[in-house]
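Colleague: Handing you a structure now.
Read the figures in this text as sums done on the coordinates, not as results from a lab. Computed from a predicted model, the values in this text were never measured in an experiment. Please note: Cβ atoms are built from the backbone with ideal geometry, for glycine as well, and neighbour counts cover all protein chains shown.
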């Protein structure tokens, strides 16, 4: 028993020493890179030879990129740094190697250039572009396929000077309950293994659009908008025919009522 305890203690000490040695060597290497303004990449691999763990890239002695990999794919926050200032310039989230989540890009002066969102490696929802002095210039809304369905341009006073008028996207979708994959819905579709209905909407600054959605003639009134998405829960759980209609309306800056075209889909749930 004593021999087993001694063996475990020795193994534990060796593990700590090797781990410290690895950290110490990287610390010395990074110090060398910084002092002599070298370009180098620090990364780690798993036993399959895939990138796994923290990934740091230096360019001329400065950190250029910090990322993280899991089993060969980017995972989590990825940050690029400005070569001139050393400050964060671009950051984006990844999930299993695909862009998934918020994104930010900054000017050299530190002000926000743009910020948006990604879903399954495609732009989704709201994208805001700003001038170097922080004024909103353009707002764009993207659907689940990564296509823009609304664009607004703003003047230096924050007033809309030009825009398209569709606030609610005609491309609706659902998620397969077994694979969580996106299913685009088309008129007269028959659904399988679907549960919820997803509708993408635009939320441009300066406007307060109203979204009108009805299922089999019954208005949906208690909806919430989460990341430009209205989710109607459990609509496809029971069998039947579903007529889905929706449009949007808003008052423009001249107080004139603008209404988008009315869209209608017939969906069969079996």
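Colleague: Which whole-number percent gives the relative contact order of segment 62-209, counting Cα pairs below 8 Å spaced six or more residues apart?
Modeller: This gives 12 percent for segment 62-209.
Colleague: What nm value, rounded to one decimal, do you get for the distance between residue 259 and residue 98 when each label is placed 7 Å out toward the C-beta?
Modeller: For residue 259 paired with residue 98, the spin-label model returns 3.8 nm.
Colleague: Select from 45, 250, 236 the residue whose mean-square fluctuation is largest in a Gaussian network model of the chain (Cα-Cα springs shorter than 10 Å).
Modeller: Answer for the Gaussian network model of the chain: 45.
Colleague: Now a separate question. Suppose a student asked you for the relative contact order of the chain, using Cα pairs under 8 Å spaced at least 6 residues apart; what percent would you report?
Modeller: Worked out over the chain, it gives 9 percent.
Colleague: Can I ask one more? Output the 0 to 90 degree angle, nearest 10, between the alpha-carbon long axis of helix 2-35 and the longest principal axis computed from the alpha carbons of the chain.
Modeller: Its long axis makes an angle of about 70 degrees.
Colleague: May I ask for the distance between the Cα centers of segment 191-230 and segment 76-103, given as a whole number of Å?
Modeller: Segment 191-230 and segment 76-103 have Cα centres spaced 30 Å from each other.
Colleague: Sticking with this one: Regarding the chain, what whole-number volume in Å³ per residue does the convex hull of its Cα atoms give?
Modeller: It comes to 193 Å³ per residue, whole-number rounded.
Colleague: Comparing 243, 144, 160, which has the greatest mean-square fluctuation in the GNM of the chain with Cα pairs linked when under 10 Å apart?
Modeller: 243
Colleague: Please give the contour-minus-distance gain from residue 223 to residue 59: 0.36 nm per residue of separation, less the Cα-Cα distance, rounded to one decimal in nm.
Modeller: Value of the extension gain: 54.2 nm.
Colleague: Pull out the extension gain between residue 30 and residue 82, defined as 0.36 nm times the separation in residues minus the alpha carbon to alpha carbon distance; nm, one decimal.
Modeller: 16.9 nm
Colleague: Which value in nm describes the separation of the simple spin-label points at residue 178 and residue 137, placed 7 Å from the Cα toward the beta carbon?
Modeller: Taking the two extended label points, one gets 4.9 nm.
Colleague: Please figure out what share of the DSSP beta bridges in the chain is antiparallel and state it in percent, rounded to the nearest 5.
Modeller: 95 percent
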